[in-house]
Amino acid sequence: MKIIIVGATGTLGKHVTAVLEKEHEVIKVGSKSGDLQVDINSPESIEGFYEQVGNFDALVSTTGNGHFGPLTTMKYTDFMKGVNSKLMGQVNLVLTGQHYINPKGSFTLTSGILSEDPIVLGANLSAVNGAVEAFVKAAAIELENGVRINAISPGVVEDSPGYFPFFPGHPPVTMDRVALAYVKSVLGAQTGQVYKVY
Ligand SMILES: NC(=O)c1ccc[n+]([C@@H]2O[C@H](COP(=O)([O-])OP(=O)(O)OC[C@H]3O[C@@H](n4cnc5c(N)ncnc54)[C@H](OP(=O)(O)O)[C@@H]3O)[C@@H](O)[C@H]2O)c1
């Protein structure tokens, strides 16, 4: 299987990559790192990326940023950071990628626990994660040629200790469990699902 992993060099992505590349051709992608580069904030960059990479069987996205900060001082431009990156960046990987993906291929996007278990400073990421999950459920009923789509919603992960103070009482999830959820999405048969790894 030819699998594209956008965010392959990141905290989550490197674990997903390590598992999938044992038995599959994995193309590692970042904005600066990896085998190929794309900027998910730019529709033009995404179009050029797919032209370069051609047809593929699965795309995994373990990328996307948002604004982390207090609601009381949050501005439109702060909020749009998550909309433009984690939401529209991932959505655009699907909107454009659907024209390059092979029949019975799959898309796997990343949301996160904040869509249903909010924390202080997390309003932007909560909203964006919820939107990613809603998009996945809706896109699943329209994608053609047996193409599937799922989202992975991890809790705070054990390899991100810098986030722990912001997630009081949240048990960190192991990287193995997170990586397995992506494997289930890519190699399994389900679609329109949100796999929660809390
Ligand atoms: N860490 C956690 O505890 C946790 C928990 C739940 C959900 N999540 C979600 O999981 C996703 C990944 O998080 P992470 O902690 O693994 O992030 P990370 O360590 O910062 O890794 C981000 C990855 O995305 C790439 N990237 C960054 N900007 C990009 C762009 N504009 N276009 C294309 N690629 C880009 C980076 O490569 P370059 O440096 O080459 O750009 C890197 O490979 C995020 O959506 C995050 O919200 C994380």
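Can you tell me which residues in segment 137-174 are under 16 Å from LYS196 (Cβ atoms) and within 10 Å of the ligand (Cβ to nearest atom)?
Within segment 137-174, ILE152, SER153, PRO154, GLY155, VAL156, VAL157, PHE167, HIS170, PRO172, VAL173 qualify.
Sort out which residues of segment 48-68 are surrounded by 17 or more Cβ atoms within 10 Å (Cβ to Cβ) and either away from the ligand (no atom under 14 Å from the Cβ) or part of a helix (DSSP H, G or I) (or both), and write them in order of number.
PHE49, TYR50, VAL53, PHE56, ASP57, ALA58
Can you work out which of the residues in segment 142-187 that are in a loop (DSSP other than H, G, I, E, B) and among the polar types (S, T, N, Q) is farthest from the chain's Cα centre (by Cα)? Reasoning before the result, please.
Here is the first cut: in segment 142-187, the ones in a loop (DSSP other than H, G, I, E, B) are 142-147, 155-156, 158-160, 167-172, 174.
Then drop every residue that is not among the polar types (S, T, N, Q), which leaves 145, 160, 174.
On the way: ASN145: 22, SER160: 16, THR174: 17 Å.
Within segment 142-187, the match that is farthest from the chain's Cα centre (by Cα) is ASN145.
Only residues that are surrounded by fewer than 17 Cβ atoms within 10 Å (Cβ to Cβ) and among the basic types (Lys, Arg): list them for segment 124-175, please.
LYS137
Need the failing condition index for VAL19 against (1) closer than 26 Å to GLY130 by Cβ; (2) more than 12 Å from the chain's Cα centre (by Cα), just the number.
The one condition VAL19 does not meet is (1).
Yes or no, residue by residue, for (1) buried (at least 18 other Cβ atoms within 10 Å of the Cβ); (2) within 13 Å of the ligand (Cβ to nearest atom); (3) assigned to a helix (DSSP H, G or I):
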{"position": "ILE4", "(1), (2), (3)": "yes, yes, no"}
{"position": "SER45", "(1), (2), (3)": "no, yes, yes"}
{"position": "GLN90", "(1), (2), (3)": "yes, yes, yes"}
{"position": "HIS99", "(1), (2), (3)": "no, no, no"}
{"position": "LYS104", "(1), (2), (3)": "no, no, no"}
{"position": "PHE107", "(1), (2), (3)": "yes, no, no"}
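Looking at (1) basic (Lys, Arg); (2) more than 25 Å from THR191 (Cβ to Cβ); (3) crowded, with 18+ Cβ neighbours inside 10 Å, can you tell me which one LYS75 breaks?
Status for LYS75: all satisfied but (3).
Looking at (1) over 16 Å from LYS86 (Cα atoms); (2) near the ligand (Cβ under 10 Å from one of its atoms); (3) part of a strand (DSSP E or B), find the lone condition where HIS15 falls short.
(3)
None of the figures in this text is laboratory data; all of them are computed from the coordinates on show. Please read these numbers as outputs of a predicted model, since none were measured by experiment. In this analysis, Cβ positions are derived from the backbone assuming ideal geometry, glycine residues included, and neighbour counts consider all displayed protein chains.
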